[in-house]
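The values are calculated or read from the model by the stated rules, or taken from the named source; none is laboratory data. All values reported here derive from a predicted model rather than from experimental measurement. Cβ atoms come from the backbone with ideal geometry, glycine included; neighbour counts cover every protein chain shown.
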Amino acid sequence: MQGLVSDKTFHLKWNNHLQNLSQLFTTIYSSSALADVTLSCRDGTLKAHKLVLSACSPYFEQIFKDNPCQHPTVILKGIPFSEINLLVEFMYKGSVDVQELDLQSLMHTASELEIRGLAYEARDNAAQLLNVNLEYPAYTQTTTTSTVTTSQSFQQNRTDVERLKQVSLCHV
């Protein structure tokens, strides 16, 4: 049948697409295969994928758009490796376990790096839904039985802001 023309359109769908992507992200998080960016902190380095970081952070997305090199090294001065490692794990897996003592600092860094799902805007919206009052620079969690308040000194918060202002990029 020559010259057969059809205007029908077929919709093809991969039923487990999101589940497979989630599993793939977990797998590539565990290895440095195909990594194309290095995050360098004051006490370590971590290999990652620009696509994942860009999808999860407008901050990283802008860095990679402004500096389109093959394998950049992003230098995050003053940010501990443990925090970057937790944030990258969150970006790849969608969840992460954090010690209570580290929570405030991690949330602050997540906000500065605009990590989707952890930035202060998302945190505040979730707090409203859960009837929890979280205030920056300290956070207060209000429950029906007790109130727990955690705070850091003003000077420590100023130091945190200054260290994040020093975030820079160098090309390898």
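Pairs are defined by a Cβ separation below 9 Å, a sequence spacing of at least 6 or placement on different chains, a first member in region 81-100 that is in contact (Cβ under 8 Å) with a residue 60 or more places away in the chain, and a second member that is among the β-branched types (Val, Ile, Thr); the pairs so defined are Glu89/Val96; Tyr92/Thr26; Tyr92/Ile28; Tyr92/Val52; Lys93/Thr26.
For region 52-67, the criterion of being within 21 Å of Leu106 (Cβ to Cβ), in contact with a strand residue (DSSP E or B) (Cβ under 7 Å, 6 or more places away or on another chain) and not in a helix (DSSP H, G or I) is satisfied by no residue at all.
Residue pairs whose Cβ atoms lie under 6 Å apart, sitting 6 or more positions apart in sequence or on different chains, and linking a residue in region 33-44 that is over 14 Å from Asn67 (Cβ atoms) and touching a residue at least 12 places away in the same chain (Cβ under 8 Å) to a partner that is of a type in the set (Ser, Thr, Tyr) and part of a strand (DSSP E or B), are Ser40/Thr73.
Just need a number here: residues in region 34-47 that are in a strand (DSSP E or B) and within 13 Å of Phe81 (Cβ to Cβ). So the count comes out to 8. Of the numbered criteria (1) touching a helix residue (DSSP H, G or I) at 6+ places or on another chain (Cβ under 8 Å); (2) modelled with pLDDT under 90, the one Ser111 fails is (2). Here Tyr92 passes the criteria (1) surrounded by 20 or more Cβ atoms within 10 Å (Cβ to Cβ); (2) among the aromatic types (Phe, Trp, Tyr); (3) touching a Leu at 6+ places or on another chain (Cβ under 9 Å) except the one numbered (3).
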